[in-house]
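Bear in mind that the values in this text are calculations on the coordinates, not laboratory data. Being a predicted model, the structure only gives us computed values, none of them experimental. Because the Cβ atoms are built from the backbone with ideal geometry, glycine has one as well, and the counts that use them run over all protein chains shown.
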Amino acid sequence: MNKMFRLLVQLYGDLRWLWLNGIVNKIPFWPIRWLFYIMCGMKIGKNSRIGIRTTIIYPKNIKIGSGVIINEDCYLDGRGGLDIGDNTSISIYSKIVTASHSKSSETFEYHSNKTHIGQNVWIGIGAIILDDSYIEDECVISAGSVFKGKSEKGYVYAGNPAVIVNERKLVKKYTLKRNSLII
């Protein structure tokens, strides 16, 4: 009976993933996608938007602040927990991954770690943020960069692995707002 229960739980998880990432994320109207994401336990702040075709893993562990713009074709992984601060912009094709495997484990041990992205952060096109990362407020992770670890507030990071290349020099915090209901 215990094995049957585990199989049913696995089936439920697989069907939920298929429903979210095979159907919901292709709906061209943001308010409808928003409703389904909220129903799955995701917390999404006011004036935030998740673009079409964004893959969502484990939505109940994802918390998105106000005024967050996540562009289309991104990947949000909530397995380890994901917090995104207010007025953050995540560019197209970016990936935030909160789980991985131990490279030195004989059993390919799985682990997950919380990832935090602060306020007024800009994640560039195709950037990858790995598990157990903490990105401070006002940082930029440049296009195509791979970031893991803890950043310093207000700097621009680039490369693989991403390192400080410049100071952002943001004069004042901004507020993002997208009014479009489509896509």
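What the table shows:
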{"quantity": "Any chance L35 is more than 25 Å from G149 (Cα to Cα) and touching a residue at least 12 places away in the same chain (Cβ under 8 Å)", "calculated": "no"}
{"quantity": "Lone qualifier among V97, V165 - being farther than 22 Å from I64 by Cα and among the β-branched types (V, I, T)", "calculated": "V165"}
{"quantity": "Inter-residue pairs, beta-carbon under 6 Å, first closer than 19 Å to K173 by Cβ and in region 51-69, second in a loop (DSSP other than H, G, I, E, B) and among the polar types (S, T, N, Q), 6+ apart", "calculated": "I64/S48; S66/N47; G67/N47; G67/N87; G67/T175; V68/S48; V68/T88"}
{"quantity": "Residues (in a helix (DSSP H, G or I), aromatic (F, W, Y) and touching a residue at least 12 places away in the same chain (Cβ under 8 Å)) located in region 7-29", "calculated": "W17"}
{"quantity": "Subset tally (residues that are assigned to a loop (DSSP other than H, G, I, E, B), farther than 15 Å from R53 by Cβ, out of contact with any Lys or Arg (no Cβ under 6 Å at 6 or more places or on another chain) and among the hydroxyl-bearing types (S, T, Y)) for region 76-101", "calculated": "1"}
{"quantity": "Residues within region 116-133 that are under 19 Å from Y75 (Cβ atoms) and either without any contact (Cβ under 8 Å) to a residue 24 or more places away in the chain or in contact with an Asp or Glu (Cβ under 6 Å, 6 or more places away or on another chain) (or both), tallied", "calculated": "2"}
{"quantity": "Spans of strands (runs of 3 or more DSSP E) in region 107-183 with at least 1 residues more than 22 Å from G80 (Cα to Cα) and among the hydrophobic types (A, V, I, L, M, F, W, C)", "calculated": "155-159, 162-167"}
